[in-house]
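Only one structure is covered here, and it is reproduced in the block below.
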2 protein chains.
Amino acid sequence: MLKQLSGKWKPQIFRLAVNGPLRFNALLRTIEGTNKQSLASSLNELVKAEYLDKVVIRQKPLHIEYSLSEKGRAVVPLFMQLELL
Amino acid sequence: MLKQLSGKWKPQIFRLAVNGPLRFNALLRTIEGTNKQSLASSLNELVKAEYLDKVVIRQKPLHIEYSLSEKGRAVVPLFMQLELL
DNA sequence: ATCTATGGTCAACTTTTTCTGACTAATTGA
DNA sequence: TCAATTAGTCAGAAAAAGTTGACCATAGAT
């Protein structure tokens, strides 16, 4: 579990995901110091571990959204408590 | 926070610490596949992050005990919940 | 005095993780 | 048609984490 969420960028991705769906290039711009490769593998791992859902949005600019899955949302309140300690 | 508890051996150390004070060589024997160096730096980091207290026991066989600090004990119930997800 | 147990440290090496730069491929706008 | 935005992949380099084996110092038992 800790292993699934550990990594240099996963915590930040997780935090941002709480505020709504994420898009690849938006993350790349908002998370300072990161890079495509790391971001891509972090996102893939979070999807594989079922914390995030990856959805292709077939609209105006065809794009992809990463949003918290049910499992992902379940972990949020616990994390918030951990952060208060 | 996740960073402070991530590492190959820290989760196991933490789990064992819940059952009572830990001793260096005992850990080295009970955690399979580990080694002095990794154990030493994991313990030091956990002490630095104040999850563990390091206490020198001045008794029969003078030794050192690592036990959960208040902060460490506070995290335990949250971890138990996380593991149920 | 020597051996064992305590709890380490140190330098060098290996493995894993992260970063960099080049490249791809589909879609959209001018 | 050309350029930009979307979302990546790939190979190699660099950095971080983990492992190994040698060594050290104290204390207790033989």
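We did not get these values from a lab; they are worked out from the coordinates using the rules stated. On a predicted model such as this, the values are computed, not experimentally measured, just so you know. Every residue, glycine as well, gets a Cβ built from its backbone with ideal geometry; the counts of neighbours run over all protein chains shown.
Structure summary
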| read-out | value |
| --- | --- |
| Nearest-0.05 FRET efficiency for B:Arg15 and A:Val18, computed from C-beta distance (R0 22 Å) | 0.20 |
| Cβ nearest the rotation axis (B onto A), residue from chain B and distance to the nearest whole Å | B:Ser6, 2 |
| Estimated 222 nm signal from helices in chain A, with DSSP H stretches of n ≥ 4 weighted -39500 (n - 2.57), rounded to 500 | -16500 deg cm²/dmol |
| Vicinal HN-Hα couplings computed from phi for region B:23-35 (Karplus, 6.51 cos²θ - 1.76 cosθ + 1.60; Hz; Gly/Pro x) | 10, 3, 5, 5, 4, 4, 7, 7, 8, 6, x, 8, 8 |
| Cut-off under 5 Å, modelled amide H: who pairs with A:Leu68 long-range | A:Asp53 |
| Point-charge dipole on Cβ atoms (K/R +1, D/E -1) for chain A, about Cα centre, debye to 20 | 240 debye |
| Positive-end extreme of charge dipole, region A:11-85 - chosen from A:Ser69, A:Val55, A:Met80 (charges on Cβ) | A:Val55 |
| 0 to 90° range, to nearest 10: angle between helix B:36-48 axis and chain B longest Cα axis | 70 degrees |
| Order of B:Ser6, A:Ser69 under a 10 Å beta carbon neighbour criterion, fewest first | B:Ser6, A:Ser69 |
| FRET efficiency, A:Leu78 to A:Val56 (Cβ-Cβ, R0 45 Å, nearest 0.05) | 0.90 |
| With at most 15 other Cβ atoms within 10 Å, longest stretch of chain B clear of loop GluC sites (Glu not before Pro) (DSSP) | B:51-85 |
| C-alpha long axis of helix B:70-84 to longest principal axis of chain B, angle in ° | 50 degrees |
| Cβ-vector label at 7 Å, A:Arg58, separations to other copies in nm | 7.7 |
| Computed lengthening from B:Thr30 to B:Lys3, 0.36 nm per intervening residue step minus Cα-Cα distance | 7.3 nm |
